[in-house]
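In what follows, a single structure is set out as structure tokens and then discussed.
The values are calculated or read from the model by the stated rules, or taken from the named source; none is laboratory data. Keep in mind that what you see is a predicted model, and the values were worked out from it rather than measured. Here Cβ is always computed from backbone atoms with ideal geometry, including for glycine, and neighbour counts include all displayed protein chains. Quick note on the areas: whole protein, heavy atoms, side chains included, nothing else; ligands and nucleic acids left out. Shrake-Rupley method; radii C 1.70, N 1.55, O 1.52, S 1.80 Å.
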Amino acid sequence: MSLTPKLRSLFGAQDMTIGSPMSCLLKFSIPLLIGNFAQQMYNTVDAMVIGQSAWGDQGLAAVGLAGPIVNLLLVLFMGISTGASILSAQFFGAKDRPTLNKTIGASLFLIVVSGLLMMVVGYFLSPALIAMTNPPSPEVGQGATAYLQILFLGIIGCGMYNILSGILRGLGDSMMPLLFLIVACALNIVLDLALVNRMGVAGVALATIIAQGLSGLLCLWRLCRIRHICDVKLQHVLHPDKPLMWKIGALGLPAGITQAIFSMSAIVVQSLTNSLGDEMVAASTAVMRVDGFAMMPNFTFGTAATTYIGQNIGADRGDRLRPGVKALLKLGLISAFILVSCILLFGHQLIGMFTKTELTIRLGVQGLNTLAVGYICFSVSQVLQGTMRGAGETKVPMYISIITTVLLRVPLAYLIAYFTRTPEWPHGQPVALFSSLLISWVVAMLLSILTYRMKWWRKKLGELGHAL
């Protein structure tokens, strides 16, 4: 059954090369924002259910301990998704259907290969990776290992959703991935509640991979259904276009490296967090779950920038580039101010959703209050970096992440911890974890503004480069 024109404008792929930039971006970003919130609910619901169950703070710490490692080994998916999304947006904007079809086929091939690789490597390396983070107790380490291994067994479903939803977003379709996520998130909640008392952290991990697998299959079904835009052909999957695969990799590799840097730094800092005790690990886990939601508008408008800029560059619509960037900055800053206000007003209640321990809640609220202003800075960096990615410049965001994370955040966290040691906190005070992250976000914003205004990265765009 085909969609009517009115329904297609809501549920179909969106051409962002026509119409008001603000209207296009709002229509694209609102479903994407809700979808990002729903995706964040996977691990957040896991943490909430396990933290409020009989497993308490130890279960919450186990889920938090596994998080940065999962993110580290997802860098392949992140890279493929970024490259596929950029190319899909540009070929869709250029109305180049044959090359778009080949891009989708090459992406599906990469999903299978990278998924199988990560499943095997991740499963067998899980115990060693958890041990590297110096778990605060054997029970937390065992729970984190079980959680991690089950997630890797179902990693292909996660990869399928992330990459195929990236392609759909490149085509301007942010509504259908949202609907699929809502269905999967609801299933995840039901399975979490059903399995947590029987299986503990293993149960919430099993619920997550089942739900993610469903969302991935639904995205594949959606791609196969939009025949008025593209064709998913088995021959393109079995015999992928090698130049396109290399191009996906070349565009996506910097984004993958960026994610790897963030994850590696999180693992290194996690070792410092673990030295501060179970309560601090649990508090940090709760803060990072709230942080995940606070970051969603920033990531949403960064993704919207990539799709919008990519489509308009493909269509040679230089007149629409700068108005789109201004609209995105306005949306990002408004959202950030609202979120910061909510965090400052309701921090205690937000952390209280994850734990009943008063010390853990107090530490978590301190962390949120420290990070709050940083979300405004992060909104600016994400829009500008998303704009550069949409233009095909994916290396600059990688360089910024190397500077702010490897050279600044990690050393600063340990340095502040060293100088804030007390008898109560012999390894340093919790402020080291959160203030170092805040400083890195401020510096990232300044570097993003500086590099965006430079002309050297725009030269390869020709006349379009002057329009940014």
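Can you tell me which condition T258 does not meet? The list is (1) more than 17 Å from L76 (Cβ to Cβ); (2) buried (at least 21 other Cβ atoms within 10 Å of the Cβ); (3) out of contact with any Lys or Arg (no Cβ under 8 Å at 6 or more places or on another chain), and all the others hold.
Failing condition for T258: (1).
Only one of (1) modelled with pLDDT of 90 or more; (2) surrounded by fewer than 17 Cβ atoms within 10 Å (Cβ to Cβ); (3) over 30 Å from M16 (Cα atoms); (4) not hydrophobic (A, V, I, L, M, F, W, C) is not met by T370, so which one is it?
It fails just one condition, (2).
Report whether or not V442 is farther than 18 Å from S271 by Cβ, open to solvent by less than 20 Å² (accessible area, probe 1.4 Å) and part of a helix (DSSP H, G or I).
Answer is no for this residue.
Given the structure, is G154 surrounded by fewer than 21 Cβ atoms within 10 Å (Cβ to Cβ) and under 15 Å from V70 (Cβ atoms)?
In short, yes.
Six or more apart or on different chains, Cβ atoms under 9 Å: show the pairs whose first residue is in segment 340-358 and open to solvent by 60 Å² or more (accessible area, probe 1.4 Å) and whose second is of a type in the set (D, E, K, R).
H348/R362; M353/R289; K356/D57
What single numbered condition from (1) at negative phi; (2) surrounded by fewer than 23 Cβ atoms within 10 Å (Cβ to Cβ); (3) not hydrophobic (A, V, I, L, M, F, W, C) fails to hold for Q212?
Here Q212 meets the rest and fails (2).
May I ask you to list the residues in segment 144-170 that are in contact with a Leu (Cβ under 8 Å, 6 or more places away or on another chain) and more than 24 Å from G83 (Cβ to Cβ)?
A144, L148, I150
Test I167 against the stated conditions and say whether it is surrounded by fewer than 24 Cβ atoms within 10 Å (Cβ to Cβ) and not small (G, A, S).
no
Does segment 394-403 contain at least one residue that is farther than 29 Å from I248 by Cα, surrounded by 17 or more Cβ atoms within 10 Å (Cβ to Cβ) and not basic (K, R)?
Scanning segment 394-403 turns up no residue that is farther than 29 Å from I248 by Cα, surrounded by 17 or more Cβ atoms within 10 Å (Cβ to Cβ) and not basic (K, R).
Please indicate, with yes or no, whether at least one residue in segment 332-348 is within 22 Å of the chain's Cα centre (by Cα) and of a type outside the set (A, V, I, L, M, F, W, C).
Taking every residue of segment 332-348 in turn, at least one turns out to be within 22 Å of the chain's Cα centre (by Cα) and of a type outside the set (A, V, I, L, M, F, W, C).
Can you give me the number of residues within segment 129-157 that are of a type outside the set (A, V, I, L, M, F, W, C) and not in a loop (DSSP other than H, G, I, E, B)?
Count: 9.
Which residue pairs have Cβ atoms closer than 7 Å, lie 6 or more positions apart in sequence or on different chains, and pair a first residue in segment 386-401 that is over 16 Å from G310 (Cβ atoms) and modelled with pLDDT under 85 with a second residue that is among the aromatic types (F, W, Y) and buried (at least 24 other Cβ atoms within 10 Å of the Cβ)?
From segment 386-401, no pairs qualify.
Residue under question is L433, and the condition is that it be assigned to a helix (DSSP H, G or I) and surrounded by fewer than 23 Cβ atoms within 10 Å (Cβ to Cβ); does it hold?
Answer is no for this residue.
Which residues, counting only those in segment 281-318, are closer than 22 Å to P136 by Cβ and either outside any helix (DSSP H, G or I) or hydroxyl-bearing (S, T, Y) (or both)?
S284, T285
Cβ-Cβ under 8 Å, sequence separation 6+ or interchain: first residue in segment 151-175 and touching a residue at least 12 places away in the same chain (Cβ under 8 Å) and more than 22 Å from G203 (Cβ to Cβ), partner aromatic (F, W, Y) and open to solvent by 10 Å² or more (accessible area, probe 1.4 Å). Which pairs?
Hits for this filter: S165/F180; G170/F92; L171/F92; G172/F92; D173/F11; M175/F11.
Please find, among R322, R317, R362, R389, the residue that is of a type in the set (D, E, K, R) and crowded, with 20+ Cβ neighbours inside 10 Å.
Testing whether each residue is of a type in the set (D, E, K, R) and crowded, with 20+ Cβ neighbours inside 10 Å leaves just R389.
Select from segment 216-242 the residues that are open to solvent by less than 40 Å² (accessible area, probe 1.4 Å) and in contact with a Cys (Cβ under 8 Å, 6 or more places away or on another chain) and write down the one among them that is nearest to C185 (Cα to Cα).
Result: G216.
Cβ-Cβ distance below 6 Å, separation of 6 or more or different chains: which pairs start in segment 306-323 with a residue that is under 16 Å from L168 (Cβ atoms) and end on one that is β-branched (V, I, T) and buried (at least 24 other Cβ atoms within 10 Å of the Cβ)?
Listed pairs, sorted by first residue: G310/I86.
Need pairs with beta-carbon distance below 7 Å; first residue under 19 Å from M280 (Cα atoms) and within segment 364-381, second aromatic (F, W, Y); sequence gap 6+ or separate chains.
Within 7 Å, the pairs are G367/F434; T370/F434; L371/F434.
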